[in-house]
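Accompanying notes for the structure given below.
Readers should treat all values here as calculations from the given coordinates under stated rules, not as data from a laboratory. In this text the structure is predicted, and so the values were computed from the model without any measurement. Using ideal geometry, Cβ is built from the backbone for each residue, glycine included, and neighbour counts are taken over all protein chains shown.
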Amino acid sequence: MAAAPSPSPLLHADPRFAALVIATARLDCLHTGSRWTEGPVYLPATDELIWSDIPNNRLLRWSEGAGAGVFRQPSDYNNGNTLDREGRLVGCLHGARAVARSEHDGSRTLLASHWQGKRLNSPNDVVVKSDGSIWFTDPAYGIDSDYEGYKAESEIGGCHVYRIDGASGALERVSDDFERPNGLAFSPDESKLYIADTGRTHRADGPHHIRVFDVVDGRRLRGGEVFATITPGLADGFRLDERGNIWTSAGDGVHCYAPDGTLLGKILVPEVVSNVVFGGPRHNRLFITATTSLYAIYLAVNGARRPG
Ligand code: MG
């Protein structure tokens with residue numbers, strides 16, 4: 001007798017969602033046993049998924065053939081990850097309160113640790129633009145307690161968004177009106193930058209939305225209106241597909257938004273989701289970090305072709 005079929009995790013909110021998903025696809029749980037997973041990044045060179053288990057101070061790896069294992073421990077409480085144009089891992093370190101690059105020889109280069117002489121709070125998520133510049137958010141989650149880093153006072157006194165110049169390495173602040181800036185991602189043509197505010201984690205009526213900015217001259221931000229308010233939960237992390245749809249974490253799974261801000265549908269996940277990334281050899285599998293576990297589901301749309 002065949003086993004009872006598992007229910008579809010797909011929830012349609014708009015007719016456009018049907019073209020983005022595979023009706024028969026199911027959610028695969030690839031690994032469990034972490035405390036708080038985050039920072040998924042797919043490495044095309046080795047066809048493996050790397051992600052963070054922040055409280056356990058480790059980076060994990062998973063591949064189709066080898067399954068899951070430890071990639072790096074201790075990880076200096078690494079949170080968000082991405083790849084630069086040369087395929088090097090760029091990570092946000094709560095421990096060092098810095099953004100760092102892992103070189104091909106295994107050494108580590110700190111790219112940003114201070115703003116005007118003061119230590120950053122705890123860089124959270126990071127994205128690399130095609131010009132080599134590195135954009136990251138700096139909320140205080142890694143210094144709020146000893147759970148995901150080392151408890152400390154903020155030296156800067158605010159939570160901002162920064163850009164590291166690709167040529168000079170200089171650090172610039174690109175936005176200073178967030179409560180808790182968190183996930184961020186460019187539109188496929190890099191004309192827009194989406195940035196989440198997860199301020200609700202420390203204030204009951206705080207923001208739980210994604211804002212959208214115009215990217216001016218490739219290096220400055222303009223605008224910043226609310227693009228989508230996430231309910232339930234938070235837009236901790238998100239990625240875009242090749243059509244510019246936003247696939248974001250939420251309290252009940254992954255929510256998919258059209259570029260016009262319409263909720264198209266959801267992938268229901270049994271744990272609170274923190275972040276997602278497109279991966280797999282065809283770039284059509286969405287990897288999902290959710291509290292204690294790593295999940296994945298195949299989609300009918302491919303991820304935007306960007307580093308990381
Ligand atoms: Mg985050």
Through the Karplus equation 6.51 cos²θ - 1.76 cosθ + 1.60, θ set to phi - 60°, convert the phi angles of the range 156-164 into ³J(HN,Hα) values in whole Hz; use x for Gly and Pro. 7, x, x, 10, 10, 10, 10, 9, 9
Other-chain or far-sequence residues with amide H under 5 Å of Arg97's (modelled H): none
What order do you get for Val212, Val127 when you list them from fewest to most C-beta neighbours inside 10 Å? Val212, Val127
Loop only by DSSP, 15 or fewer other Cβ within 10 Å of the Cβ. Give me the GluC sites (Glu not before Pro) in the range 1-88 that pass, ordered by residue number. Glu64, Glu86
Is the shape of the range 220-308 best called rounded, prolate or oblate, per the rule: a/c under 1.5 gives rounded, else a/b larger than b/c gives prolate, else oblate, with a ≥ b ≥ c the square roots of the Cα gyration tensor eigenvalues? oblate
Considering only DSSP states other than H, G, I, E and B, which trypsin sites (Lys or Arg not before Pro) in the range 250-308 qualify as loop sites with at most 11 other Cβ atoms within 10 Å? Arg282, Arg305
Convert each backbone phi in the range 79-86 into a coupling constant with the Karplus relation 6.51 cos²θ - 1.76 cosθ + 1.60 (shift: θ = phi - 60°), then list the ³J(HN,Hα) values in order as whole Hz, x for Gly and Pro. 10, x, 9, 8, 10, 8, 5, 9
Once amide H atoms are placed 1.01 Å from N in the peptide plane, what residues at a sequence separation of 5 or more from Leu221, or on another chain, have their amide H within under 5 Å of its amide H? Val216
Excluding residues on the same chain fewer than 8 positions from Lys129, give the lysines whose Cα lies under 18 Å from its Cα. Lys192
List the residues, sorted by chain then number, that are 5 or more residues from Asn56 or on another chain and whose placed amide H is less than 5 Å from its amide H. Arg35, Trp36
Quick one: Cα centre-to-centre distance for the range 260-308 and the range 191-213, in angstrom? 19
When the chain is treated as a Gaussian network with springs between alpha carbons less than 10 Å apart, the largest mean-square fluctuation among Ala167, Ala25, Ala13 is found at Ala167
Sequence ranges 270-281, 143-154, ranked by mean other-Cβ count within 10 angstrom, highest first: 270-281, 143-154
Using θ = phi - 60° and the Karplus form 6.51 cos²θ - 1.76 cosθ + 1.60, what ³J(HN,Hα) does each residue of the range 16-27 get, whole Hz, x for Gly and Pro? 5, 5, 4, 6, 9, 10, 9, 4, 8, 5, 10, 7
